[in-house]
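Below is one structure; the comments refer to it alone.
The values are calculated or read from the model by the stated rules, or taken from the named source; none is laboratory data. If you're wondering where the values come from, they're calculated on a predicted model, not measured in any experiment. Positions of Cβ are generated from backbone atoms using ideal geometry, with glycine treated the same way; all protein chains shown enter the neighbour counts.
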Amino acid sequence: METTFCQSCGMPLQKNEELGTNRDGSRNKEYCCYCYKDGAFTMDCTMEQMIDHCVQFIDEFNKDMDIHYTKEETIANMRLFFPTLKRWAVL
């Protein structure tokens, strides 16, 4: 499976079981299972609230990386990256 990113939280989508689900139970290839379930977002939030939620997982992210990011660096990177995601893109 080609690596894509959840269009809500930016999580890499590397396995089918990480994909969210549509209303009919089929896999949704744009969103992860944490952000999208049964055809709807699991959290009603703003982009900033999503960033605050995601930054909680920085230690888990850092353990698999060669470079370790601080909480501040992570937030700054998310503020740049998230507006490019479908859910947060300014129309």
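Any chance the range 39-59 includes a residue that's over 12 Å from the mean Cα position of the chain (by Cα), crowded, with 16+ Cβ neighbours inside 10 Å, of a type outside the set (A, V, I, L, M) and more than 17 Å from Arg79 (Cα to Cα)? Scanning the range 39-59, I find no residue that is over 12 Å from the mean Cα position of the chain (by Cα), crowded, with 16+ Cβ neighbours inside 10 Å, of a type outside the set (A, V, I, L, M) and more than 17 Å from Arg79 (Cα to Cα), so the answer is no. Could you tell me whether the range 19-37 includes any residue that is of a type in the set (Phe, Trp, Tyr) and either at pLDDT below 95 or touching a His at 6+ places or on another chain (Cβ under 6 Å) (or both)? So far as the range 19-37 goes, no, none of its residues is of a type in the set (Phe, Trp, Tyr) and either at pLDDT below 95 or touching a His at 6+ places or on another chain (Cβ under 6 Å) (or both). Asn28 fulfils the conditions (1) more than 13 Å from the chain's Cα centre (by Cα); (2) loosely packed, with under 14 Cβ neighbours inside 10 Å except for a single criterion, (2).
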